[in-house]
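Chemist: Take this structure first; my questions come after.
The values are calculated or read from the model by the stated rules, or taken from the named source; none is laboratory data. In this text the structure is predicted, and so the values were computed from the model without any measurement. For neighbour counting, all protein chains shown are included, and Cβ atoms are generated from backbone atoms with ideal geometry for every residue, glycine included. Protein only, heavy atoms only, side chains kept; ligands, DNA and RNA dropped before computing areas. Shrake-Rupley method; radii C 1.70, N 1.55, O 1.52, S 1.80 Å.
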Amino acid sequence: MIPFLDLKRVNAPHDAAMRAAMGRVLDSGWYILGEEVQAFEREFAAYCGVRHCIGVANGLDALHLILRAYGIGAGDEVIVPSNTFIATWLAVSQAGAQPVPVEPLAATHNLDPARIEAAITPRTRAIMPVHLYGQPAQMDAILEIARRRGLKVIEDAAQAHGARWQGRRAGGLGDAAGFSFYPGKNLGALGDGGAITTDDDELAERLRKLRNYGSSVKYHHEFAGVNSRLDELQAAVLRVKLPHLEAENAARRRVAAAYLEALDGLPLALPEVAAGAEPVWHLIVVASERRGALQQALGAAQIGHLVHYPIACHRQGAYADQAWPALPIAEQLQERVLSLPIAPYMGPDEVAEVAAVLRRALG
């Protein structure tokens, strides 16, 4: 049996250090916005190459609070990929703004910069590219459009911890970025957690208040904020795991390379990496018109697999009350994509076993 992801196996190398870190928090008697969060914020900001990191409760809050801090809300539009996890769209909706979907590149499944300008209107305030599956979006082209049109660029980096575009890490490419530390992420906590990274001093100051009831001084509330704070226990766990992220991402690259070699020549659409991108392979996603047969074969062999994502955002019940343009690329992807197991602990034998099952199924 090869599970899609075994979190016990992912966390096993860090077990003793994580237990010690959690014990340190318990002994401190300080559990909200204390030394562990402050230290993690410094360390993760340095890792991403930015001045500020603001720990929040989860990745959705990270994106939503960036929009709120920029004053983006009712009457505004935000360009989002048509092919993404729904949190990207929900962040815009929660801010009161309107998501405007733009189709992806068929090769990378990431936002197609060539389609962005046609979606810009006088109401557009921001572009929110997603570094999907751990591969950075084509940020140079996106930033050029945004700067020329006076728009903010907000990275959805929930799947891209450590990914680079033209040598610079995700989280330091746009005006601000939102990260998730959901347990299955490349840098995963032991529960929900998130962070915002930015070089914008004014934005960072507002976000620190916004996440904490609109307050920087206890019981003094400058505006109507929210409660969205990365807690001390999760920050302590993330501090243990962050120094190992580069090595674990390198291991993911080795697994991805083995997959690409083993699957070469099969009638599958394999992942393509854009020039200038250094992905961290949060997911490895293939595509096939025979997905059902592949799923059946993998299931019979007790090999875990998932579909990211089986229902496009505009087809979800959450957005059924709106009329959407035709989005054929996103709709085609939802019918064909298939995610294979990938994790830092996987060895060549496991990759070979998955590839052999796919090869037999495709006959």
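Chemist: Would you mention how many residues in the range 326-354 are surrounded by fewer than 20 Cβ atoms within 10 Å (Cβ to Cβ) and either within 12 Å of ILE2 (Cα to Cα) or touching a Lys or Arg at 6+ places or on another chain (Cβ under 7 Å) (or both)?
Modeler: 7
Chemist: Inside the range 1-103, counting only strands (runs of 3 or more DSSP E) that do not spill past its ends, which hold 3 or more residues that are buried (at least 20 other Cβ atoms within 10 Å of the Cβ) and among the aliphatic types (A, V, I, L, M)?
Modeler: Ranges flagged: 77-81.
Chemist: Output the number of the condition that LEU207 fails; it satisfies all remaining conditions of (1) among the aliphatic types (A, V, I, L, M); (2) closer than 21 Å to PRO344 by Cβ; (3) touching a residue at least 60 places away in the same chain (Cβ under 8 Å).
Modeler: (2)
Chemist: From the list LEU132, LEU190, which one is touching a residue at least 24 places away in the same chain (Cβ under 8 Å) and farther than 27 Å from ILE32 by Cβ?
Modeler: LEU132
Chemist: Can you tell me which residue in the range 328-363 is farthest from GLU289 (Cα to Cα), limited to those that are out of contact with any helix residue (DSSP H, G or I) (no Cβ under 7 Å at 6 or more places or on another chain) and part of a strand (DSSP E or B)?
Modeler: Among them, the one singled out is SER339.
Chemist: Separate question: Got a sec? Which of ASP201, ASP156 is farther than 21 Å from GLN38 by Cβ and in contact with a strand residue (DSSP E or B) (Cβ under 8 Å, 6 or more places away or on another chain)?
Modeler: When all the criteria are applied, what remains is ASP156.
Chemist: When GLY265 is evaluated against the numbered criteria (1) open to solvent by 30 Å² or more (accessible area, probe 1.4 Å); (2) touching a residue at least 40 places away in the same chain (Cβ under 8 Å); (3) over 24 Å from MET139 (Cα atoms); (4) in a loop (DSSP other than H, G, I, E, B), which criterion, by number, is the only one it fails?
Modeler: Here GLY265 meets the rest and fails (2).
Chemist: Further question on the same structure: Could you say whether any residue in the range 141-150 is within 11 Å of VAL280 (Cα to Cα), modelled with pLDDT of 95 or more and out of contact with any helix residue (DSSP H, G or I) (no Cβ under 9 Å at 6 or more places or on another chain)?
Modeler: No: zero hits.
Chemist: Determine whether the range 191-199 contains at least one residue that is hydroxyl-bearing (Ser, Thr, Tyr), closer than 30 Å to ARG360 by Cα and modelled with pLDDT of 95 or more.
Modeler: Within the range 191-199 (the criterion being hydroxyl-bearing (Ser, Thr, Tyr), closer than 30 Å to ARG360 by Cα and modelled with pLDDT of 95 or more), the answer is no, since none of the residues qualifies.
Chemist: Could you give every pair whose Cβ atoms fall below 8 Å, whose first residue belongs to the range 163-183 and is in contact (Cβ under 8 Å) with a residue 12 or more places away in the chain, and whose second residue is basic (Lys, Arg) and not in a loop (DSSP other than H, G, I, E, B), counting only separations of at least 6 or pairs across chains?
Modeler: Cβ pairs passing all conditions: ALA163/ARG169; ALA170/ARG164; GLY174/LYS152; ASP175/LYS152; ALA176/LYS152.
Chemist: Go through the range 287-327 residue by residue and tally those that are in a helix (DSSP H, G or I) and within 20 Å of the chain's Cα centre (by Cα).
Modeler: Matching residues across the range 287-327 total 2.
Chemist: Being in contact (Cβ under 8 Å) with a residue 12 or more places away in the chain and either at positive phi or assigned to a loop (DSSP other than H, G, I, E, B) (or both) is the filter here; which residues of the range 269-286 pass it?
Modeler: LEU270, PRO271, GLU272, VAL273, ALA274, GLY276, PRO279, VAL280, TRP281, HIS282, LEU283
One line per residue, one yes/no per condition, for (1) surrounded by fewer than 19 Cβ atoms within 10 Å (Cβ to Cβ); (2) in contact with a Lys or Arg (Cβ under 6 Å, 6 or more places away or on another chain); (3) farther than 19 Å from ALA126 by Cβ:
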| position | (1), (2), (3) |
| --- | --- |
| ALA160 | no, no, no |
| TRP165 | no, no, no |
| GLY171 | no, no, no |
| ALA176 | no, no, no |
| PHE179 | no, no, no |
| ASN186 | no, no, yes |
| LEU190 | yes, no, yes |
| THR198 | no, no, no |
| LEU207 | no, no, no |
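Chemist: Please determine whether any residue of the range 317-325 is modelled with pLDDT of 95 or more, in contact with a Leu (Cβ under 8 Å, 6 or more places away or on another chain) and open to solvent by 50 Å² or more (accessible area, probe 1.4 Å).
Modeler: Yes; the residues of the range 317-325 include at least one that is modelled with pLDDT of 95 or more, in contact with a Leu (Cβ under 8 Å, 6 or more places away or on another chain) and open to solvent by 50 Å² or more (accessible area, probe 1.4 Å).
Chemist: Look at the range 104-130 and say how many of its residues are among the charged types (D, E, K, R) and either within 20 Å of HIS308 (Cα to Cα) or assigned to a helix (DSSP H, G or I) (or both).
Modeler: 3
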